[in-house]
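Everything below concerns the one structure shown next.
The values are calculated or read from the model by the stated rules, or taken from the named source; none is laboratory data. Because the structure is predicted, anything quoted here is derived from the model rather than measured. Counting neighbours? That spans all protein chains shown, and the Cβs are built from the backbone with ideal geometry, glycine included.
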Amino acid sequence: MEIEPLVGPCGKLPILIRDDDTNFFTMKSMLQSIYSEAWSKGFKVSLSVIPLQKGTDDMCVPPNFRKSGLLYPITNNGTLIKFLRDKLQKGEIEVLQHGSSHSVVESYRGEFGMNTSDQEANLKRAISIMKEAFEIRPRFFVPPYDDISYKNLKLVKKYGLIPIYGRESINKFFRSPFIPAFFKKMAAKKIYQKFGKSAYVVPVMINILGNNLYNNSNKYKNADDNDCHVRAAGAEAINTLPPVGLPIEKLISPVSFLDSISKILSLASLNRSRISSLCIINHYHQYFNDWNKTITRTNMFNSWQKLLSCLTGDTAFDDNCQYLNFGWKTTFSELYNRFRKIKRTITASKTGSKITIQSISDSETVDNLSFLITYGSLEKLYDTENVTLEKESNIITIKEVLPKSKFNIYVND
């Protein structure tokens, strides 16, 4: 017997949209062009904001400023700040901190990939600019180019920021202190030559790292040894994973992009715990070739619009006419808050075929708490008004877990 907890309410698939590189040069019309449809469909966009953009040879800087070498604080763009504050108040965006100046160190590493003497001072200044711009302290940190050293991970956490970063082999390769800089530089050059100026949208899976979702285990197995597996606790962070079995080459072409998304959503419909949360990473400026005032990459934009329609459930995402009717349009803050709430209030234990779900809180209620039965089947429902079974996907949902309440769920092998 095996069940797995799901973070999304009612077993829904958390869907996030993250857009990187909002900075001093960003025009509100650019964001409106790309995201007006998303906002009308109820999506919330997580904007990774660069506090102090440097004038370097980077696609997120207009051509005329790429050699200036100057720093441009986002607070100096009053029109953009007013627009973003309004969107924040409406709940249509959240703001993440995207590094400090988005500069490149030694021609191949992101600014937080290298350990420099002025890193802490730069981070403090960047946090101060974010607070001035949005009147809130940033909560999440996205390293530019997904490049951050182990030392800088500790620095970011020291200042109370939750890092959102990749932990795949390529990320570990660049973070390793044992690999010579020469090899890292060669690898970075090849990656940039292949993907650096491509226009693409990247889907990733989100995994919240930290203490277990439950005190005992996040999986319960009915094996001969009655074993329970517990993941070791780690520093709290959010990590991004590439989608299962899909090479990045397929995500660069708008033609193959929708086919790849279809495969991800099909897999999610069969196993929502394997695709635990889906995040679409976008870059608004890539739709405007070299900062043209109107959208120039129309194929990419049309693919983006079709993707939104699929994620909303307005159109089918595969040839079998499957519609996504279990998506939860959310943000990093909402996802993280729900994870934390469940983790600190819910515990579970197993005896034979009985799994006991219990609230250990004196005051907090958890709504629509779901579990996926990955092996076995539900034996019976004792409270059909408060416990439901989604038969097609084998998901149990407890509609309301009140403080100090307890539920027994029986599962057959």
| task | Only residues that are crowded, with 22+ Cβ neighbours inside 10 Å and not hydrophobic (A, V, I, L, M, F, W, C): list them for the range 32-43, please. | result | TYR35
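Tally up the residues in the range 310-329 that are of a type in the set (S, T, N, Q) and free of Cβ contacts under 8 Å to residues at least 12 places away in the same chain, please. Outline the logic, then answer.
Narrowing the range 310-329 to residues of a type in the set (S, T, N, Q): 312, 315, 320, 322, 325.
Pick out the ones that are also free of Cβ contacts under 8 Å to residues at least 12 places away in the same chain and you get 315, 320.
Within the range 310-329, residues that are of a type in the set (S, T, N, Q) and free of Cβ contacts under 8 Å to residues at least 12 places away in the same chain number 2.
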| said: Can you find, within the range 192-214, the residue that is modelled with the lowest pLDDT among those that are part of a loop (DSSP other than H, G, I, E, B) and in contact with a strand residue (DSSP E or B) (Cβ under 9 Å, 6 or more places away or on another chain)? | reply: TYR214
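So which residues in the range 141-167 are of a type outside the set (Phe, Trp, Tyr), surrounded by 13 or more Cβ atoms within 10 Å (Cβ to Cβ) and not in a helix (DSSP H, G or I)?
Of everything in the range 141-167, those that are of a type outside the set (Phe, Trp, Tyr), surrounded by 13 or more Cβ atoms within 10 Å (Cβ to Cβ) and not in a helix (DSSP H, G or I) turn out to be VAL142, PRO143, ASP147, ILE148, SER149, LEU161, ILE162, PRO163, ILE164, GLY166, ARG167.
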| task | Could you tell me which numbered condition LEU88 fails, if it satisfies all but one of (1) buried (at least 20 other Cβ atoms within 10 Å of the Cβ); (2) in a helix (DSSP H, G or I); (3) of a type outside the set (Lys, Arg)? | result | (1)
| query | So GLU249 fits all but one of (1) closer than 30 Å to TYR150 by Cα; (2) modelled with pLDDT of 90 or more; (3) of a type in the set (Asp, Glu); what number is the exception? | reply | (2)
| If we only count strands (runs of 3 or more DSSP E) wholly inside the range 1-51, which ones have 1 or more residues that are in contact with a Phe, Trp or Tyr (Cβ under 6 Å, 6 or more places away or on another chain) and among the polar types (S, T, N, Q)? | 45-49
| task | Would you check which residues across the range 361-399 are of a type in the set (A, V, I, L, M) and either in the same structural domain as TRP328 (by TED's automatic domain parsing) or at pLDDT 80 or above (or both) and list them? | result | VAL366, LEU369, LEU372, ILE373, VAL387, LEU389, ILE395, ILE396, ILE398
| query | On the given criteria, is ASN171 farther than 23 Å from GLN89 by Cβ and modelled with pLDDT of 95 or more? | reply | no
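Limited to the range 148-183, what total is found for residues that are of a type outside the set (S, T, N, Q) and within 11 Å of PHE112 (Cα to Cα)?
Residues of the range 148-183 that are of a type outside the set (S, T, N, Q), as a first pass: 148, 150-151, 153-168, 170, 172-175, 177-183.
Okay, now just the ones that are also within 11 Å of PHE112 (Cα to Cα), so 148, 150-151, 153, 155-156, 175.
Qualifying residue count for the region: 7.
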| request: Please find, among ASN368, ASN299, the residue that is exposed (fewer than 15 other Cβ atoms within 10 Å of the Cβ) and touching a residue at least 40 places away in the same chain (Cβ under 8 Å). | output: ASN299
